[in-house]
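Reading through the structure tokens given below for one structure.
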Amino acid sequence: MRQAPGSPAATRWLVFCTLAYAAAAPNSCIKEAVPEWFLPVRSDVSCARSILGAIPGEVSKRDIEVADELAGARNLTWQAFQRSRFYQRDQHFGGRLWGSQFGNQFFFWMELAGGTALCSTLDQQSPKILNKNYCREEIRGAPESPGCRAFLRSRNATGDNTAWHSWGAYAPAVAMIREEWMRAAYHVMKDTVNLDERPCLHIPALPTGASYLGVYFRCGDIATSYNSQYSFLDPQWLLRFLPSVSTVANVEYTVLFGNRGVHGSGASKSICEGYFAVLAQKLRNMTGTTVLVAPEGYDKDPHVGLVRDLRCMTQSVAFVDYSYTSSIGYVASFLHNGCAAVVPHFAPGVKAGKTPASAFSRPANARTRLVEVLQGDLVKHIV
């Protein structure tokens, strides 16, 4: 059993699981030792030799944190938060979305598991990533602990204040969330042949031991269904910082990830494959690296394919979320084990139809870097 950071031993307080998930996980779980080579974190020493310096266009995380602290909810309690219609709306899906909307479900799970670990008790009964039955250590938090107060304060005082509509709310629970992901990911992939050889087995052209930059581009659904509500980011946004990042990171390859037909259609796949070809050439010109495009829908088991993609993204030396609000891109930056994860920061008033949710413009972990997006960076096509 572990105590949540800064919390005393607390009275056990169970979450309203009827709203959170349709069925609680059983008490028994599958014990598996996750090998160190599966998701290693690059050391501060190795990163200090490359990418810990300033990035062109970078926004001060401290300035954002100070503003958020002043604007956050001061009197919200864990019990009141659970009773709010916003929390209940987020959690009413249960665990049903892991297979179809992984990024959205990950946000809802972080909200539930992070809050439970910091403010209550996270045990084997609490829902787990992908509904898998890996074992976890019990974590006891407390409603008055510093971690719980930080979790609750990192959201609006009134109105929609959960999931995406918060800022930095998951930072106090980042260690727990990353550990849960490691256990869930290994549980899904443990039977994969040659799993220990390299993190990107599905990209055979990427040599073992090669250093690479990861770029995630959300395309399929934005190209067609959500084109009026969302936008793409102009490649000029990448041009401001990517040449510097790729040089100091000393990468040999760039791997481009993203959806074309998945969460899209036949029409979006055709459009996005054209955009990917254009973007791959631009990335070659910006970085001077060999650009590889990660395959889409290559595994019969969607969980294995998704976890394999995320493992590859998170083990890159540097990662860029090149998307107008992508939950998958945010999750990849949150779980990133390399030296820097660059995410877009939307200044107030910068939007394309739908205002970007506040969570996407906040640092996901200590090595997240925020690069400003201007109104002129929003485009409807990649050319």
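Among the residues of segment 240-278, those that are farther than 16 Å from Gly338 by Cα and among the hydroxyl-bearing types (Ser, Thr, Tyr) comprise Ser244, Ser265, Ser268, Ser270, Tyr275. Starting from residues that are within 15 Å of Ser326 (Cβ to Cβ) and modelled with pLDDT under 95, keep the ones in segment 234-267 and report whichever is most open to solvent (accessible area, probe 1.4 Å). Only one residue tops the list, namely His263. Of the residues in segment 68-79, none is within 18 Å of the chain's Cα centre (by Cα) and in contact (Cβ under 8 Å) with a residue 40 or more places away in the chain. Of the residues making up segment 270-287, just one is free of Cβ contacts under 8 Å to residues at least 40 places away in the same chain, open to solvent by 60 Å² or more (accessible area, probe 1.4 Å) and hydrophobic (A, V, I, L, M, F, W, C), namely Ala277. Remark: pairs (first residue in segment 17-43, under 24 Å from Asn194 (Cβ atoms); second residue modelled with pLDDT under 50 and in a loop (DSSP other than H, G, I, E, B); Cβ separation under 6 Å; 6+ apart in sequence or on different chains) are absent. Counting the residues of segment 131-141 that are closer than 16 Å to Arg178 by Cα, surrounded by 22 or more Cβ atoms within 10 Å (Cβ to Cβ) and touching a Leu at 6+ places or on another chain (Cβ under 9 Å) gives 1. Residue check: Val215 meets all listed conditions (1) of a type in the set (A, V, I, L, M); (2) closer than 24 Å to Arg260 by Cα; (3) open to solvent by 10 Å² or more (accessible area, probe 1.4 Å) but one, namely (3). For segment 325-358, filtering for residues that are over 23 Å from Val41 (Cβ atoms), among the hydrophobic types (A, V, I, L, M, F, W, C) and in contact with a strand residue (DSSP E or B) (Cβ under 8 Å, 6 or more places away or on another chain) leaves 4.
Listed by position, the helices (runs of 4 or more DSSP H) contained in segment 54-100 that have at least 1 residues being of a type outside the set (Phe, Trp, Tyr), surrounded by 14 or more Cβ atoms within 10 Å (Cβ to Cβ) and in contact with a helix residue (DSSP H, G or I) (Cβ under 7 Å, 6 or more places away or on another chain) are 85-91.
Under the condition of being part of a loop (DSSP other than H, G, I, E, B) and open to solvent by less than 10 Å² (accessible area, probe 1.4 Å), the residues counted in segment 143-160 number 1. Within the set Thr290, Thr355, the sole residue that is over 28 Å from Val248 (Cβ atoms), surrounded by fewer than 19 Cβ atoms within 10 Å (Cβ to Cβ) and among the β-branched types (Val, Ile, Thr) turns out to be Thr355.
The values are calculated or read from the model by the stated rules, or taken from the named source; none is laboratory data. Note that this is a predicted model, so its numbers are computed, not measured. Virtual Cβ from ideal backbone geometry, glycine too; neighbours counted across all protein chains shown. Protein only, heavy atoms only, side chains kept; ligands, DNA and RNA dropped before computing areas. Shrake-Rupley method; radii C 1.70, N 1.55, O 1.52, S 1.80 Å.
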